[in-house]
1. Quick check on F68: is it surrounded by 22 or more Cβ atoms within 10 Å (Cβ to Cβ), assigned to a helix (DSSP H, G or I), under 10 Å from the mean Cα position of the chain (by Cα) and not basic (K, R)?
2. If Q62 satisfies all but one of (1) in contact (Cβ under 8 Å) with a residue 12 or more places away in the chain; (2) closer than 17 Å to G124 by Cα; (3) surrounded by fewer than 21 Cβ atoms within 10 Å (Cβ to Cβ), what's the number of the condition it fails?
3. If I ask for residues that are crowded, with 19+ Cβ neighbours inside 10 Å and over 18 Å from S113 (Cα atoms), which ones from segment 39-59 would you list?
4. Do we find that G104 is surrounded by 20 or more Cβ atoms within 10 Å (Cβ to Cβ) and of a type outside the set (A, V, I, L, M, F, W, C) in this structure?
5. Out of all the residues in segment 28-46, which are closer than 14 Å to L86 by Cα and of a type outside the set (F, W, Y)?
6. Would you confirm, using the coordinates I've provided, whether Y45 is over 24 Å from G124 (Cβ atoms) and under 19 Å from the mean Cα position of the chain (by Cα)?
7. Would you say L11 is surrounded by fewer than 15 Cβ atoms within 10 Å (Cβ to Cβ), under 17 Å from the mean Cα position of the chain (by Cα) and within 30 Å of V125 (Cβ to Cβ)?
8. Which of the residues belonging to segment 16-38 are part of a helix (DSSP H, G or I) and either among the β-branched types (V, I, T) or surrounded by 17 or more Cβ atoms within 10 Å (Cβ to Cβ) (or both)?
Amino acid sequence: MADRFLKIAFLLGALAVALGAFGAHALKGVVDEASLNTYRTAQQYHLFHVLALAITGILMKQQPSKWFSRAGWLFVAGMALFAGSLYALIFLKAAGVEHMNWLGAITPLGGVSFIAGWVSLFLGVSRSQAESTSTR
C-alpha cells in the first residue's frame, strides 16, 4: 500500500503542476479574478495534499498502520472532492456552462476528508509511538 500511495502522489503531483500551469496561462482573461482565486485555492490544496500523501506513503514504509492507510485514502478523496469540484466549477464557467454551482456543495466534503486524513496521521503516529513505548 505504501508504494501505491507514493505512485498516486507522484502522478497527482504531476497533475497539480500541469493544472497550475494551465490555470496561470489559459484561464487569464477567460474567467474573472474571483474564479482565478478559487482555481488557485484548488491547486494549492491539491499540491499540499500530494505532499501529505507522499509523507503518508513514507510513514507506511517505516511503520505499516491502518491509520496511515486511512489517511492516504482520505487525502486522495479530499483531492478529488475539494480540488476536483473547484476545478470543475471553473472549467465549466470558462466553457460558458451556467447553473452548475451545485458542484460547490461537494467541496466541503473534500475539506472534511482532508481534516480526517490529518487526524488519521496523528492517530497513526500516536498509536505507533504508544506501541513502541510499551514494548521497551
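The values are calculated or read from the model by the stated rules, or taken from the named source; none is laboratory data. Bear in mind the structure is a predicted one, so any value in this text is a computation, not a measurement. All Cβ positions, even for glycine, are placed from backbone atoms using ideal geometry, and neighbour counts span all protein chains on display.
1. Taking the combined requirement at face value, the residue does not satisfy it.
2. Condition (1) is where Q62 drops out.
3. Y39, L59, listed by residue number.
4. no
5. Listed by number, the residues that qualify are V31, A34, S35, L36, N37, T38, R40, T41, A42, Q43, Q44, H46.
6. Considered against the rule, which asks whether it is over 24 Å from G124 (Cβ atoms) and under 19 Å from the mean Cα position of the chain (by Cα), Y45 comes out as no.
7. When the stated conditions are applied, L11 passes them.
8. Answer for segment 16-38, where residues must be part of a helix (DSSP H, G or I) and either among the β-branched types (V, I, T) or surrounded by 17 or more Cβ atoms within 10 Å (Cβ to Cβ) (or both): A16, V17, L19, G20, G23, S35, L36, T38.
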